[in-house]
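Shown below is the structure under consideration.
Bear in mind that the values in this text are calculations on the coordinates, not laboratory data. All of these numbers come straight from a predicted model, not from anything done at the bench. Positions of Cβ are generated from backbone atoms using ideal geometry, with glycine treated the same way; all protein chains shown enter the neighbour counts.
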Amino acid sequence: MLVSPSLILLGVFVYGFLGWNLRVSLSDWRGLRPDYAYAGTDNYQRLPDDTRFTDDVENVLVFTAVFVVGTLLLGFLLALLIERGVRGEGFFRGVFLFPMAISFIATAIIWRWLLNNAGGAQETGLNKLFGQVGLDFLANDWFKSRGTWAPAAIALPAGWALSGYVMALFLAGLRGVSDDLREAARVDGANEPRVFWHVVRPMLLPVVMSAVVILAHISLKTFDLMFAMDVESRKIETPALYMWFTTFDGLNFSRGAAIATLLVAGISVVVVPYIWYSIRMERRR
């Protein structure tokens, strides 16, 4: 009884609207006047022929791969450094976690300045820093580059914002490993790399899985970061942005709903297996 109100609200405002969105995607609603006439799967069948949509899918896949792998590595290294007993641990934990408290809009404004590709007197950010320390060869166009480097560059601000959170997950995992287990391995003659590989690493796998699922679903639905970095750039456009333009600029509500449904399906591919695995592990305990 106590959870009934939350279940009702969840059913109406989450699953109810998901169902309504699916219904709109199967219609031919264009313009401000609602039109629920059934149009079958036409909107879904046309999307693979839309080069803008396929380019956006490629962009989000590149962004997701760089963002997830880079954030995991950075978060793990930060956790490893703190776990070694660095002086001023509380200060560094706060510094690393602080970017997470900043919205993606503010993060984008900061990194738009840092990744500015302007030259001459207008040169700023990383390109100017590289020039001053003699690393000019590292200067580039960042998110205004051609090819797959543009969405990969957007992973820098996203990773900066979330690496502290991943660090906290890894730090909790590292400190959850019993000292007795580590000491037993050392007594058996294992050196530190072997202790990590055979004792610590297996116990970090649930942390890695949780971090991958969280980061992947964040990357697939990221909208505000790209929007604030450069709203007019097709080089960093993702399906979430295309859905917005299609729905509210083009007033093609049925097509926008189809893109939104595919986004939900993509996120479900990541989240549902994790939920299934978690429930299965809980039942085994």
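How high is the relative contact order of the stretch 29-137, in percent, with contacts defined as C-alpha pairs under 8 Å that are six or more residues apart?
That works out to 8 percent.
I would also like to ask the following. Run the quick spin-label model on R285 and V133: label points 7 Å from Cα toward the beta carbon, then report their separation in nm to one decimal.
Result for the modelled spin labels: 4.4 nm.
Could you give each residue of the stretch 253-266 its phi-based ³J(HN,Hα) in whole Hz, using Karplus coefficients 6.51, -1.76, 1.60 with θ = phi - 60°, and x for Gly or Pro?
Once rounded to whole Hz, the list reads 5, 5, 5, x, 5, 5, 5, 5, 5, 5, 5, 4, 5, x.
Kindly express, to the nearest 10 degrees and within the range 0 to 90, the angle between helix 149-175's C-alpha long axis and the longest C-alpha principal axis of the chain.
Taking Cα atoms only, the helix is inclined about 50 degrees.
Output the 0 to 90 degree angle, nearest 10, between the alpha-carbon long axis of helix 104-114 and the longest principal axis computed from the alpha carbons of the chain.
Its long axis makes an angle of about 70 degrees.
Starting from the stretch 61-170, pick out the trypsin sites (Lys or Arg not before Pro) whose DSSP state is loop and whose Cβ has at most 14 other Cβ atoms within 10 Å. If you can, show how the numbers build up before the last one.
Details: sites: R84, R87, R93, R112, K128, K144, R146; in loops: R84, R87, R146.
Sparse-neighbourhood loop trypsin sites (Lys or Arg not before Pro): R84, R87, R146.
Compute the helix-to-body angle for 51-83: its Cα long axis versus the longest principal axis of the chain, expressed 0 to 90° and rounded to tens.
Approximately 20 degrees, to the nearest 10.
Using amide H atoms built in the peptide plane, which far-off residues or other-chain residues are under 5 Å from D28 H to H?
Residues meeting the criterion, in which the H sits 1.01 Å from N, are A37, A39.
If the elastic network links every pair of Cα atoms under 10 Å, which of D230, D136, D28 fluctuates the most in the Gaussian network model of the chain?
D136
Once every DSSP H run of n ≥ 4 in the chain is given -39500 (n - 2.57) and the sum is divided by its residues, what mean residue ellipticity at 222 nm do you get, rounded to the nearest 500 deg cm²/dmol?
Rounded to the nearest 500, the figure is -21000 deg cm²/dmol.
Treat every Asp and Glu Cβ in the chain as -1 and every Lys and Arg Cβ as +1, leave all other atoms uncharged, and give the resulting dipole magnitude about the Cα centre to the nearest 20 debye.
For the chain, the charge dipole is close to 580 debye.
Per-residue counts of other Cβ atoms within 10 Å, averaged by peptide: what ranking do you get for 43-49, 275-281, highest first? Display every interim value, and only then the final one.
Working: 43-49: 13.9, 275-281: 11.0.
Ranking, from highest mean packing down: 43-49, 275-281.
So for the chain, considering every pair of alpha-carbon atoms, how many percent are separated by more than 35 Å?
For the chain, the share of Cα pairs beyond 35 Å comes to 34 percent.
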